[in-house]
Amino acid sequence: MSSKIEQLIDEIEDYIDNCKFKALSNTQIIVNKEEIDELLRELRLKTPEEIKRYQKIISNKEAILNDAREKASALINEATLQTNELINEHEIMQQAYAQANEVVTLATNQAQEILDNATIEANTMREAAMRYTDDLLANVENIIAHSMENASFRYDELMKGLNECYDIVKSNRAELFPMAGLEDLEDEVVPTAEPVALDII
């Protein structure tokens, strides 16, 4: 079962795949700013939830180890009780002593094996959760980097277009007043209006 973040990433990838290409280009696409912003906003909201989920998995390591310690302690206590019962039997004291040592040794080995297996299992779960979380964050990082790259490209294209328009207007004014000096024309430039926000689609 995929996580909510994976589903959102799939939605973003599907959305990008379905966007139309920019005219005369097979690499640049046209995106709807509101739609992509909504998908990214949802991704930002879901990321902390998913990270908390995997932190909870990691925290289960202590629970596994505690359970293993309890089982090991119970085994040792049971072995100790059996040892005491055997030692109290006077007729077979020597035999009981040997058997008691064997039981304690076996119980100790089993307890250590349980602790070792529990530690391995907990560490495996922790590493898997961390790898999975890192993969999700890497996907988010790639999406953000791609978005920043596209935004920078659109800004450069806008400035290029404005510079071309500016050069044309300046050239046309010079043709209107061929006898006037460049400094005179620049003195007559009408102050520009306040910047207008452009909607990026």
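The values are calculated or read from the model by the stated rules, or taken from the named source; none is laboratory data. In this text, all values refer to a predicted model and were calculated from it rather than measured experimentally. As a convention, Cβ positions derive from the backbone with ideal geometry for all residues, glycine included, and neighbour counts pool all protein chains shown. Surface accessibility is based on the protein's heavy atoms, side chains included, excluding ligands, DNA and RNA. Shrake-Rupley method; radii C 1.70, N 1.55, O 1.52, S 1.80 Å.
If I ask for residues that are closer than 27 Å to residue 66 by Cβ, of a type outside the set (A, V, I, L, M, F, W, C) and surrounded by 12 or more Cβ atoms within 10 Å (Cβ to Cβ), which ones from segment 124-145 would you list?
Residues satisfying the conditions are 126, 132, 133.
May I ask you to list the residues in segment 1-47 that are assigned to a loop (DSSP other than H, G, I, E, B), basic (Lys, Arg) and modelled with pLDDT of 85 or more?
20
Checking residue 180 against (1) open to solvent by less than 80 Å² (accessible area, probe 1.4 Å); (2) part of a helix (DSSP H, G or I); (3) over 30 Å from residue 13 (Cβ atoms); (4) at pLDDT below 85, which test does it fail?
Unmet for residue 180, out of (1) open to solvent by less than 80 Å² (accessible area, probe 1.4 Å); (2) part of a helix (DSSP H, G or I); (3) over 30 Å from residue 13 (Cβ atoms); (4) at pLDDT below 85: (2).
Restricting attention to segment 23-50, and to residues there that are surrounded by 14 or more Cβ atoms within 10 Å (Cβ to Cβ) and among the charged types (D, E, K, R), which single residue is farthest from the chain's Cα centre (by Cα)?
Among residues in segment 23-50 that are surrounded by 14 or more Cβ atoms within 10 Å (Cβ to Cβ) and among the charged types (D, E, K, R), the one farthest from the chain's Cα centre (by Cα) is 42.
Is there any pair with a first residue in segment 108-120 that is under 14 Å from residue 74 (Cβ atoms) and hydrophobic (A, V, I, L, M, F, W, C) and a second that is modelled with pLDDT under 90 and part of a helix (DSSP H, G or I) whose Cβ atoms are under 6 Å apart and which are 6 or more apart or on different chains, and what are they?
From segment 108-120, the pairs are 111/72; 111/75; 114/68; 114/71; 114/72; 115/68.
I'm told residue 107 meets every condition in (1) modelled with pLDDT of 85 or more; (2) open to solvent by 50 Å² or more (accessible area, probe 1.4 Å) except one. Can you identify the failing condition by its number?
Residue 107 satisfies all of (1) modelled with pLDDT of 85 or more; (2) open to solvent by 50 Å² or more (accessible area, probe 1.4 Å) except (2).
Could you list, in sequence order, all residues of segment 78-97 that are touching a helix residue (DSSP H, G or I) at 6+ places or on another chain (Cβ under 9 Å) and loosely packed, with under 13 Cβ neighbours inside 10 Å?
If the condition is that a residue be touching a helix residue (DSSP H, G or I) at 6+ places or on another chain (Cβ under 9 Å) and loosely packed, with under 13 Cβ neighbours inside 10 Å, then 78, 84, 85, 88, 89, 92, 93, 95 are the ones that fit.
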